[in-house]
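S.K.: What follows is a single structure, and I will ask about it in a moment.
Please treat every number below as a calculation from the coordinates, not as lab data. This one's a predicted model, so the numbers in the text were calculated from it and none came from an experiment. Every residue, glycine among them, receives a Cβ derived from its backbone with ideal geometry; neighbour counts consider all protein chains shown.
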Amino acid sequence: MSRKLLSVGIDVGTTTTQLVFSYLTVKNEANFFSVPHFSICEKEVIYRSKIYFTPLLSDRVIDAVGVQKIVDAEYENANVEKTSVQTGAVIITGETARRENAREVLNALSGYAGDFVVATAGPALESALAGRGAGAAEYSKEHQCAVLNLDIGGGTTNLALFENGDLIDTGCLNVGGRLMKFDENGNCTYLSPVLKPYFSLNANPKEVSRFLAEILEEALGLREGKRYLDFVTDKLCKPAKLLSFSGGVADLIDDAAHEEFAFGDLGVLLGKAIFHSALCSGDYLRAKETIRATVIGAGSHTTELSGSTIFYDKTAFPIKNLPVAVLTELEENAEPQQLAEHISNRLRMYDDTAAVIGLRGKRNPKFSELCKLADGLALALRKVQTSPCVIAVENDMGKALGQALGMLMPQTPLICLDGVHLSDGAYLDIGAPIADGQVLPVVIKTLVL
């Protein structure tokens, strides 16, 4: 049996705003004699919006009403009712996420993406979404190799390294096409603060574009130099021999059709500078999706499904924006008292707010091992006055662990997920049960406002 979910990805970026509607097919891939295993097995993009310039009231303020009008118009063009959308993401990316009223925009759009709204894409999440949407993850899996995707937008370049389909590392640099803006006469009207130590308003745009291409070369170890350190916004990513490019500037690499200031920024010149740099001197991939890579990634990769051996009790859904604290294998195998201390130390980072405890777990745990783990969890969770208590286990033991914990903490709202791989720094949304209550849909993300 399979069912389709209507998903939307709404991307409000530094330069552009766009939407994509997709159908996600959810299917039980286990055989008749196995524990049910539900996964998203197919994505069908059914509508792509026009690509709009993101409306701004000033360099510091997004035009929230203007953005909402764009979204309303595209829902109407796609003939989609808000109530029919079951899942998806609203992502505010790049420099736009740092505007003064980013939260106001998110509130205005919060009813457009079903139960799931990714409040803002931090550098790691944006990098991962773009790399998956661009096809870099898929290529690395099919060819058993490493691929580094560069998603070059208006204000930032997001880096995502994939090996054999797995996300290994991410990074972000302040390199993008709208770090300089120009009027119709080619005069500079805006210079990003990150460029001011190096250039003035009357700088030669071609020189600035070559400089930014060199910054990318330095960051990837293709050129000696340390200037790139001034442009790292989050952290740097490990390099790889095979590169892929996505984002608006990727459309302009080896492009000869547009005039230099066709978009009122550095985009065309930066694309040409990258094409003539060491970044394109060897083999490189043209992404399946370039300017739409992030929003397609949001539509198809933020939503995952828990395993079917889960436990939940006394809990209201949906639950949003739970931070994740992942224990190491050594920590989770400690004796109950030590385990409780490890958990308490992790949860302390979140000021005693509700958090998800992430565990690897064992594939076929002994009863004694299950009880020991439950004892340690209960010792820690009794000290934390938050609700609900959420445990996420990678291996299929959520139901058994939940039942053991439920006996130790009978009055506590409790959720035990399994089949979900989490990492520190992530945030989790949990939706209402589907498939006759057998699985819980989840959204994994890296940052919220």
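S.K.: Could you put 319, 51, 274 in order, starting from the residue whose Cβ has the fewest other Cβ atoms within 10 Å?
M.R.: Details: 319 20, 51 16, 274 28.
Ranking 319, 51, 274 by Cβ neighbours within 10 Å, fewest first, gives 51, 319, 274.
S.K.: A further question on this structure: Give the Rg (one decimal place) followed by the Dmax (whole number) of the stretch 306-445, computed from C-alpha coordinates and expressed in Å.
M.R.: When restricted to the Cα atoms of the stretch 306-445, Rg and Dmax are 13.3, 38 Å.
S.K.: When the Kirkwood radius is taken over all Cα pairs of the stretch 124-290, what Stokes-Einstein diffusion coefficient follows at 25 °C and 0.890 mPa s, in µm²/s? Numbers along the way, then the final one.
M.R.: On the way: Rh = 15.7 Å.
In µm²/s, the coefficient is 156.
S.K.: Pulled fully out, how much extra length does the chain show between residue 142 and residue 360, if you take 0.36 nm times their separation in residues and subtract their Cα-Cα distance?
M.R.: On the way: separation 218, 0.36 × 218 = 78.48 nm, distance 2.63 nm.
Taking residue 142 through residue 360 to full extension adds about 75.8 nm, to one decimal.
S.K.: Report, in listed order, any pair from 372/399; 362/399; 141/399; 320/399 with a Cα-Cα distance greater than 20 Å. List each step's numbers first, then the result.
M.R.: On the way: 372/399 16 Å; 362/399 13 Å; 141/399 31 Å; 320/399 22 Å.
Correct reply: 141/399; 320/399.
S.K.: Identify all lysines with a Cα-Cα distance to residue 272 below 21 Å; exclude those on the same chain that are fewer than 8 residues away in sequence.
M.R.: 181, 206, 241, 288
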